[in-house]
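Below you'll find the structure, written out as structure tokens, and then a few comments.
Bear in mind that the values in this text are calculations on the coordinates, not laboratory data. For clarity, every value in this text was computed on a predicted model and none was experimentally measured. Counting neighbours? That spans all protein chains shown, and the Cβs are built from the backbone with ideal geometry, glycine included.
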Amino acid sequence: MILIDPPAWPAHGRLWSHLVSDTSLHELRTFARAADLPDRGFDLDHYDVPDRRHDDLVAAGAVPVDGGTLARRLGASGVRVPGRERFPASRAALTARWARLATPSSAHDAAWIAVGDDLFTRWNEPHRVYHGRLHLAATLDAFDLLLAGSGLGAHAARTARLAVWFHDAVHGGEANRDEERSATLAVSLLGAFPGVAADDVARLVLVTATHDPEPGDVPGALVSDADLAVLGGAPARYTRYAQQVRAEYGHVPDGDFRRGRGEVLEQLLSLPSLYRTPQARARWSQRAAANLRAELAALDHRPFVA
């Protein structure tokens, strides 16, 4: 069900309402686009709606509720993004992380800062639902978690972190082409900075297209496993991820999406090992397999047979 609260939230010289779904992000995005709400109004789990749109959205089918009811229904829906995840994905937090990747000679370089600003803008593009700044922050966190036991040196670790920043910097929903374009972007934006191995960054970005690093490629394994960490999350977190993916591909008809998504899940389940680092296998393998099987069953796809 689509819900809307009263326009009571002041910002930018006017009052705003929140528009949510207590069922799915796909339902929310479908309703919003049908009502000509811009994607830029989407904020991770809700749309910010100007006061002048409140009544016509109610006329279009949104159910008016008070703010407390909306918050409770959103919280129970499983799609709410809590504050503890919102802040690490904020501009301030991500800008600070980018700054820590600068070399001493470029720490205050306007060009380095500009690259970080460009990347944040890309990750914050309004069409993204899953492949956005929340995913970037979570992947950086997963990388840091895995790095602790990897034995990777500081220079290689920095190169791999840069690859995490670039791995979905270009996202148009085209498998492999997105990674290729992201790798090209990495070379273009990083090539002029001394001490930055731009070609190595690009190579690691391309690893995320297949998630099949060569044996012994420790940086590639770390980047690949960090990108797939969400698959081994708690069931509630995984369910939200699956909802985000469906909403991001909301333009795809349901039958086509179910078939395509089912093929992806079966391919992942058929891999000899989803994760390539011992740290990731120990932390996430069993839960990832359970999550993937549960989603496949929910899609009403044929059961996976080992």
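Scaled against 2.2 N^0.38 Å for its residue count N, the alpha carbon radius of gyration of region 87-181 is 1.09. From the square roots a ≥ b ≥ c of the eigenvalues of the alpha-carbon gyration tensor of region 219-306, which class results: rounded (a/c under 1.5), prolate (a/b over b/c), or oblate? Prolate.
What FRET efficiency would be calculated for the residue pair A297, D56, taking the C-beta separation as r and a Förster radius of 41 Å, to the nearest 0.05? Computed FRET efficiency for A297 and D56 comes out at 0.55.
By the count of other C-beta atoms within 10 Å, a proxy for reagent exposure, H251, H211 are ordered fewest to most as H251, H211. Only DSSP H runs of four or more residues enter the estimate; each adds -39500 (n - 2.57), and after division by the residues of the chain the mean residue ellipticity at 222 nm equals -17500 deg cm²/dmol.
From the square roots a ≥ b ≥ c of the eigenvalues of the alpha-carbon gyration tensor of region 113-250, which class results: rounded (a/c under 1.5), prolate (a/b over b/c), or oblate? Since a/c reaches 1.5 but b/c is at least a/b, the shape of region 113-250 is classed as oblate.
Distance between the 7 Å Cα→Cβ label points at D66 and V81: 2.9 nm. By the gyration tensor of its Cα atoms, with a ≥ b ≥ c the square roots of the eigenvalues, what is the shape of region 2-80: rounded for a/c under 1.5, prolate for a/b over b/c, or oblate? Rounded, because the longest to shortest axis ratio a/c is under 1.5. The separation of region 139-174 from region 197-263, counted between C-alpha centres, amounts to 13 Å. Taking the Cβ of V170 as the center, what net charge do the other residues with Cβ under 14 Å away carry, scoring Lys and Arg +1 and Asp and Glu -1? Once all neighbours under 14 Å are counted, the net charge is -3.
Counting only alpha carbon atoms, the long axis of helix 198-210 and the longest principal axis of the chain meet at about 60°.
With respect to the chain, whose longest principal axis is taken over its alpha-carbon atoms, helix 218-227 is tilted by about 0°.
For the chain, the Cα-based Rg and Dmax, in that order, read 20.3, 60 Å. Take the Cβ atoms of Q267 and I113, set R0 to 35 Å, and the FRET efficiency comes out at 0.30.
Karplus-based coupling profile of region 6-20, in residue order and whole Hz: x, x, 10, 10, x, 5, 6, x, 8, 9, 10, 9, 10, 10, 9, with θ = phi - 60° in 6.51 cos²θ - 1.76 cosθ + 1.60 and x standing for Gly or Pro.
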